[in-house]
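What follows is calculated from the coordinates using simple rules that are stated; it is not laboratory data. These figures come from a predicted structure and were not determined experimentally. Neighbour counts are summed over all protein chains in view; Cβ atoms, including those assigned to glycine, are modelled from backbone coordinates with ideal geometry.
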Amino acid sequence: MPFASLAVALWLTLCTTAESAESAESAESVRIVVQSSPLAGSQYYALREVWSQIRLGDRLTLVREPTNRHDRNAIRVDWQGHQLGYVPRAENRAVARALDGGERLEARVSRLREDSDPWRRVEFEVFLIL
């Protein structure tokens, strides 16, 4: 089931149980977390240079790379124009499909930690925007 179909079903369920007094104006968009992942490959990109500037909740840009020679489902993760790494290969297929299908996705930094293991330094969440 595509992200949007699943998200719409969930959203409709939530809407039917919400109080009807709630204004439609207060719900401009709905964000649903569809994935939480560690940042892959950060040791090869700009994370070290921008580490002190990144904050929890910062928006990340997901850039689809369908011609990537290592992975046809590759999704680059950027922060303010700096490449930080990638969505892990084991977790990128559904996000790649959603991006290819024109779904509105957004990513945000959800965890930052000093760690010698580059896979544990940054975690991010991917949201479907309705």
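Packing around the peptides 42-49, 81-88, taken as the average count of other Cβ atoms within 10 Å per residue, puts them in this order, highest first: 81-88, 42-49. Under the simplified labelling scheme, the Arg93-Arg59 pair shows an inter-label distance of 3.1 nm, with each label point 7 Å from Cα along Cα→Cβ.
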